[in-house]
1. Across the residues of A:30-37, average count of Cβ atoms on other protein chains within 10 Å?
2. Per DSSP H run of at least 4 residues, take -39500 (n - 2.57); add these up for chain B, divide by its residues and hand me the 222 nm value, nearest 500 deg cm²/dmol.
3. Report, as an integer, the average count of C-beta atoms from other chains found within 10 Å of each Cβ along B:108-116.
4. Could you give me the radius of gyration and the Dmax of the stretch A:186-252, taking only the C-alpha atoms into account and expressing both in angstrom?
5. Using alpha carbon centroids, what distance separates the stretch B:89-140 and the stretch A:83-161, in Å?
6. Give me the tail of P(r) for the stretch B:37-114 as a percent: Cα-Cα pairs with distance above 19 Å.
7. Can you pull the semi-axes for the stretch B:4-235, root of five times each eigenvalue of the Cα gyration tensor, sorted largest first, whole Å?
8. Could you state the orientation-averaged shadow area of the convex hull built on the Cα atoms of the stretch B:183-245, in nm² to one decimal?
């Protein structure tokens with residue numbers, strides 16, 4: 001490889017990195033301008049997390065039977081926080097086209113000399129940073145209301161599950177982002193349906209074994225199922241790394257398959273949208 | 001660099017009707033879908049020389065915007081070939097994107113963001129240094145008559161004319177060698193229209209930029225364009241200099257306008273905004 005080729009490659013990487021940052025910076029600027037919406041959404045999410053967690057706190061009184069309240073509170077809290085985080089990641093990626101359609105900028109962004117992968121990387125970085133911040137704030141507020149006992153928790157294991165689940169959800173988000181590209185009027189709603197199904201089948205608030213058998217089969221296709229099982233194992237029963245490893249490997253493998261597959265599907269969908277003139281429709 | 005800025009050869013684009021690629025065609029059946037087919041562009045061929053301001057004149061729905069979208073890589077033609085400075089828009093999309101920029105009739109911005117935030121976003125997408133771009137943005141926007149204090153305010157607080165000027169500034173920021181202006185002055189007040197037109201002339205004169213301008217404003221086309229193609233129902237019905245077009249029409253003692261030319265060529269009156 002000649003020096004010239006190396007220099008050109010370096011320049012291209014720098015340009016794409018800078019372009020990725022354009023999406024991160026733009027999204028944070030939009031957050032600042034829509035701060036009222038974000039504040040309302042944060043307040044709603046905190047109230048929702050507290051409401052769900054209080055079900056665990058009140059279960060002994062509801063059922064009249066003796067239960068391990070701390071375990072139940074943590075079980076529900078892990079479900080609600082991890083789901084909130086994964087939802088933010090999924091939303092930010094799956095709605096990257098829907099946002100642009102809503103603002104009327106989709107053609108401008110698609111005309112710019114940046115690859116779609118760069119676009120997705122920028123959107124993913126934003127979603128991870130924002131998701132962690134948003135969920136972190138919810139956790140801090142909820143922690144003020146409950147005497148949470150995390151002595152049994154494998155915190156590092158939990159962090160590893162968070163990273164692996166993020167990777168797996170990015171791929172699913174990219175695949176779902178195709179819907180607003182192909183269906184300008186209904187695509188955004190379709191992504192919400194996908195999210196609602198994942199919420200139902202993935203065992204966010206209950207073990208998937210309580211679901212009908214056919215739903216349990218579908219649940220095994222959802223990365224959230226493995227993420228929640230692994231996170232609960234790490235945080236509630238101090239599962240060792242060896243126990244977490246199969247789920248971590250599966251989550252990473254899901255990401256490694258779904259991210260390139262999602263990017264490929266997206267590129268085909270983009271071509272289809274350009275052939276049929278669907279980019280210009282604002283939806 | 002090639003002297004032909006833009007070469008369009010037999011470009012054809014049809015919407016609806018299924019074609020070979022619509023999911024609906026298979027669901028609804030081809031015959032029903034084919035009834036709805038609309039030919040937006042029909043075998044359009046033209047060449048724009050480097051440094052030219054080339055006008056596409058036609059009424060609403062004549063195919064002007066489709067043509068611009070094909071050149072700007074936002075659509076794929078059913079048939080035909082389009083080259084920008086020798087680069088094929090489909091096979092060398094990335095190279096073409098670096099050479100062009102487009103201003104559309106509706107200023108496509110994140111309206112909650114300020115002109116500065118929108119233009120910095122654009123600068124980063126086009127690989128410009130953000131710090132240098134900041135200085136350049138202030139310079140261009142103030143040159144276009146936008147007050148410095150407005151540069152940090154949300155765009156939604158600006159008039160449409162001002163927003164369109166920001167759109168022009170954004171396009172100019174990336175220093176395109178082919179600038180696609182899709183009805184950039186439609187809906188603007190006369191003063192804003194003049195400002196935009198003066199800026200287009202300045203860009204073309206100082207920076208050797210080639211401009212493809214679509215408009216249904218006869219006066220604008222007459223004053224700005226070196227050559228004009230008249231388009232109707234997706235077909236080019238005439239192509240010449242403004243004077244050449246006017247010379248085709250008998251004048252019966254009065255000065256011929258482009259409006260007269262258009263009526264004579266198509267039997268229609270152009271819709272003014």
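1. Details: counts 5, 0, 3, 8, 1, 0, 0, 0.
The per-residue average across the peptide is 2.
2. Working: 11 runs with 105 residues, N = 273.
Estimated from H runs of four or more residues: -11000 deg cm²/dmol.
3. Values: counts 10, 4, 11, 4, 6, 6, 2, 0, 1.
What the average comes to for B:108-116 is 5.
4. When restricted to the Cα atoms of the stretch A:186-252, Rg and Dmax are 13.4, 45 Å.
5. 26
6. Values: 1316 of 3003 pairs.
I get 44 percent for the Cα pairs in the stretch B:37-114 exceeding 19 Å.
7. 32, 20, 18
8. Working: hull surface 18.6 nm².
With the hull built on Cα positions only, its mean projection is 4.6 nm².
Every number in this text was worked out from the coordinates using simple rules, so none of it is lab data. The model shown is predicted, which means the values in this text are computed figures rather than measured ones. Every residue, glycine as well, gets a Cβ built from its backbone with ideal geometry; the counts of neighbours run over all protein chains shown.
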